[in-house]
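Before any comments, here is the structure.
The values are calculated or read from the model by the stated rules, or taken from the named source; none is laboratory data. Worth saying up front: this structure is predicted, and the values here are computed from it rather than measured. Methodologically, a virtual Cβ is constructed for each residue, glycine included, from the backbone with ideal geometry; neighbour enumeration extends over all protein chains shown. Note: areas computed on protein heavy atoms with side chains; ligands, DNA, RNA excluded. Shrake-Rupley method; radii C 1.70, N 1.55, O 1.52, S 1.80 Å.
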Amino acid sequence: MNHSMRLAIFNDFVPLKLLSIAETRFASSIVMLRRFKLIKQGLQSMVISTQWNSHRQDEGASFVRETLLNERWWDKVDYILSFTAPIYDMLRACDTDKPTLHLIYDMWDTMIEKVKLAIYTHEYVQLDYESEFYNVIHKILMDRWNKNNTLLHCLAHALNPRYYSEKWLQQDPKRVPPHKDEEATNERKKCLKRYFDDSIMRTKANMEYVKFSTKDGPFADIDSIEAMWTVDPHSWWIIHGASAPTLQTIALKVLIQPSSSSRCERNWSTCSFIHSLKKDRMTPLSGRGLGVCS
């Protein structure tokens with residue numbers, strides 16, 4: 001990309017730009033490999049063209065040609081993309097302004113299973129066997145989860161009516177409703193203890209949760225049960241949550257929360273174009289660095 005002649009050849013065969021790794025934390029290497037895969041045909045046509053052959057004495061050009069025509073190298077790219085795709089997709093889903101806090105807990109479990117399946121499929125290993133490479137990847141992911149996970153993730157998961165519907169539970173035999181998940185239950189209880197200092201209010205919220213999670217009392221209504229799968233969680237609590245006012249108040253707050261600070265960061269980035277230390281100085285800079293006009 002830094003060589004004008006080769007860049008001109010590249011532009012003749014590939015209509016898209018070749019992305020490079022940037023100093024960012026958001027999967028720039030994966031983005032670059034995805035672009036490589038997208039322009040594979042154009043790259044291979046480029047290195048077998050007469051224009052590229054004019055640089056065949058160049059060691060770098062020969063290396064590029066051998067690499068791009070090596071199908072084993074492309075197989076490695078496919079493998080990397082296969083087990084990183086679930087991670088990348090989850091990051092993309094979370095990096096929005098949409099309410100996703102109540103989806104993170106389930107999305108994380110689903111992502112782990114997809115990563116494991118991709119690695120085990122490539123290694124031709126049964127899912128109940130040990131994979132050294134998967135263990136390394138799993139440890140990295142779990143360290144990140146333990147660092148970023150909060151009590152609100154589990155509370156929002158527990159208050160999402162979708163995860164109590166029969167249709168969601170039947171999609172995977174390993175799935176259980178949140179009130180039967182030990183980790184989610186413990187984290188939810190810790191969150192309610194921090195939310196309610198008054199034990200009476202906390203007990204009231206817990207008893208309302210019992211009726212909600214077991215579909216008892218007012219939550220046994222057929223419309224309420226069917227809407228758990230079809231209606232978005234926030235609207236469901238507005239329609240069917242009046243009988244549990246304490247829990248409804250909490251649910252209406254956590255179910256509209258995004259899972260990242262991306263929109264705040266975007267606002268800061270926009271603000272930096274308007275306000276900065278140099279633009280907001282009370283006195284102009286002079287050539288002598290005195291901070292006053294000469």
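Once R0 is set to 25 Å, what does the formula 1/(1 + (r/R0)^6) return for the Cβ-Cβ distance between Ser54 and Ala27, expressed as a FRET efficiency to the nearest 0.05?
Plugging the Cβ-Cβ distance into 1/(1 + (r/R0)^6) gives 0.10.
To the nearest 10 square angstrom, how much accessible area does Val125 have with a 1.4 angstrom probe?
40 Å²
First compute the accessible area of the stretch 15-122 with a 1.4 Å probe, then give the percent of it belonging to carbon and sulfur atoms.
That fraction is 57 percent.
When the convex hull of the Cα atoms of the stretch 18-119 is projected onto a plane and the area is averaged over all directions, what value comes out in nm²?
Values: hull surface 33.3 nm².
Seen from a random direction, the Cα hull of the stretch 18-119 projects 8.3 nm² on average.
Taking the alpha carbon gyration tensor of the stretch 117-274, what are the square roots of 5 times its eigenvalues, largest first, to the nearest whole Å?
After diagonalising the Cα gyration tensor, the semi-axes are 31, 25, 17 Å.
If you build the convex hull over the alpha carbons only and average its shadow over all orientations, what do you get for the stretch 53-207? Give it in nm² to one decimal.
14.2 nm²
For labels at Asp143 and Lys98 in the simple 7 Å Cα→Cβ model, what's the distance in nm?
3.1 nm
Considering just Cα atoms, how many Å³ per residue does the convex hull of the stretch 51-98 enclose?
Working: hull volume 5.4 nm³, N = 48.
Looking at the stretch 51-98, the number lands at 112 Å³ per residue.
With a 1.4 Å probe and every protein chain left in place, tell me how much accessible area Ile256 has, in Å² to the nearest 10.
Taking all protein chains as shown, Ile256 has close to 80 Å².
Calculate, for the chain, the solvent-accessible area per residue in square angstrom, rolling a 1.4 angstrom probe over the heavy atoms of the protein chains.
Values: 18880 Å² over 294 residues.
It amounts to 64 Å² per residue over the chain.
Convex hull over the alpha-carbon atoms of the chain: what's its volume per residue in Å³?
Convex hull volume per residue, Cα atoms: 242 Å³.
Determine, from the Cβ-Cβ distance of Tyr195 and Ala85 and an R0 of 51 Å, the FRET efficiency 1/(1 + (r/R0)^6), rounded to the nearest 0.05. Before the final figure, lay out each step's value.
Working: r = 37 Å, r/R0 = 0.72.
According to the calculation, E is roughly 0.90.
For the stretch 80-131, which chymotrypsin sites (Phe, Trp or Tyr not before Pro) are both in a DSSP coil and crowded by at most 13 other Cβ atoms within 10 Å?
Working: sites: Phe83, Tyr88, Tyr105, Trp108, Tyr120, Tyr124, Tyr129; in loops: Tyr124, Tyr129.
Answer by residue number: Tyr124, Tyr129.
For Leu101, Leu91, give the ranking by accessible area with the largest first, probe 1.4 Å.
Result of the area sort, largest leading: Leu91, Leu101.
Each residue of the stretch 152-169 in order: what ³J(HN,Hα) in whole Hz does its phi give by Karplus 6.51 cos²θ - 1.76 cosθ + 1.60, θ = phi - 60°, with x for Gly and Pro?
5, 4, 6, 5, 5, 4, 5, 9, 8, x, 4, 7, 10, 7, 5, 5, 5, 5
With a sphere of radius 12 Å drawn around the Cβ of Ile239, what net charge do the other residues whose Cβ falls strictly inside it have (Lys, Arg +1; Asp, Glu -1)? Mind dumping the intermediate values first?
Numbers: positive: none; negative: Asp221, Asp223, Glu226, Asp232.
Here the charged neighbours net out to -4.
Just to verify a number: what accessible area does Asp232 come out at with the full protein assembly present, 1.4 Å probe, Å² rounded to tens?
Result for Asp232: roughly 80 Å² accessible.
Quick one: net charge around Trp74, please, counting Lys, Arg +1 and Asp, Glu -1 for every other residue with C-beta under 11 Å from its C-beta.
So the surrounding residues net to +1.
Over 5 Å intervals from 0, what percent of Cα-Cα pairs in the stretch 75-120 sits in each interval?
Taking every Cα pair in the stretch 75-120, the percentages come to 5, 23, 27, 21, 13, 8, 3, 1.
Of the accessible area of the stretch 186-255, with the probe set at 1.4 angstrom, what percent is carbon plus sulfur? Before the final figure, lay out each step's value.
Numbers: 2150 of 3810 Å².
Within the stretch 186-255, the accessible surface is 57 percent carbon and sulfur.
Using 7 Å Cα-to-Cβ label points, what is the Asp78/Lys204 separation (nm, one decimal)?
Rounded to a tenth, the inter-label distance reads 6.1 nm.
Near Asn135, within a Cβ-to-Cβ distance under 13 Å, what is the net charge of the other residues, with Lys and Arg +1 and Asp and Glu -1?
Details: positive: Lys116, Lys139; negative: Glu123, Glu130, Glu132, Asp143.
Value of the local net charge: -2.
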